[in-house]
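The values are calculated or read from the model by the stated rules, or taken from the named source; none is laboratory data. Keep in mind it's a predicted model, so treat the numbers as computed, not measured. Here Cβ is always computed from backbone atoms with ideal geometry, including for glycine, and neighbour counts include all displayed protein chains. Ligands, DNA and RNA are excluded from the accessible area calculation, which covers all protein heavy atoms including side chains. Shrake-Rupley method; radii C 1.70, N 1.55, O 1.52, S 1.80 Å.
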Amino acid sequence: MKRVITWCSILLIIGLLIPFINAQTGYPPPCTEVKQVKLDTDQTKRQILAEFVSRCVSNSSWKNDKGIVLLREYQNEEGKVCWLLSPSIDDTYKDNPPNRFASFNGDIILVFDADSRGMSKESTGDKDALNQCLAQIIGDRVYIRPSIKSRWTNNVMPFTNHKMKSGARRIQGGNGGSLIIVFNADGSYQKLLPV
């Protein structure tokens, strides 16, 4: 009887500790094609990411509970590590999906390899598998681009009376909320706006 009570006590203690163990380690990603990395490895990087996410929310770069961060990681011509941070609310990442991502306070950051000018390198691996995995990770955080690329219109061109082929389009200039971070060897950093 004493042995049964001892075993029950041990099982009860183990049963009570399992939720705490899982809470400390978090939950693994739903797939393995895209590798999870840790970007906020020090207080400076944590602060940079927190400020950028906060700016995306406050200046309406993210709308209607949609938004992820696209991070292009590279070394500039001087050999300094740089991040090009951009807000995104749609699934344009699918054209060239990355093979790394990070989770930061519940937000998703897609990590792209880039050349010395911050331009994304072509992704390696099976794009369909990467996109399927990223879709599970990102969930409903982005809008899905429409498959139809044309717009109906009943307008005619001025002076010629020829029917216009497509409805109005609006293109906006600017950097779209992007930010370049240049990390110096002494632990300091610079913020630059891309041109």
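Suppose we filter V111, V81 for residues that are open to solvent by 50 Å² or more (accessible area, probe 1.4 Å), within 18 Å of S178 (Cα to Cα), in contact (Cβ under 8 Å) with a residue 60 or more places away in the chain and in contact with a strand residue (DSSP E or B) (Cβ under 8 Å, 6 or more places away or on another chain); which single one remains? Give the derivation first.
Values: V111 fails: open to solvent by 50 Å² or more (accessible area, probe 1.4 Å).
Only one candidate qualifies: V81.
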(message) Within the range 49-65, does at least one residue satisfy the condition of being within 16 Å of V34 (Cβ to Cβ) and modelled with pLDDT of 95 or more?
(response) no
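For residues in the range 132-143 being within 15 Å of L70 (Cα to Cα) and of a type outside the set (S, T, Y), which is most open to solvent (accessible area, probe 1.4 Å)? Explain how you work it out, then say what you get.
Kept after step one, since they are within 15 Å of L70 (Cα to Cα), are these residues of the range 132-143: 134-135, 137-138, 141-143.
In the following step, the residues that additionally are of a type outside the set (S, T, Y) were identified as 134-135, 137-138, 141-142.
Details: L134: 0, A135: 47, I137: 17, I138: 2, R141: 67, V142: 10 Å².
The extreme case among them is R141.
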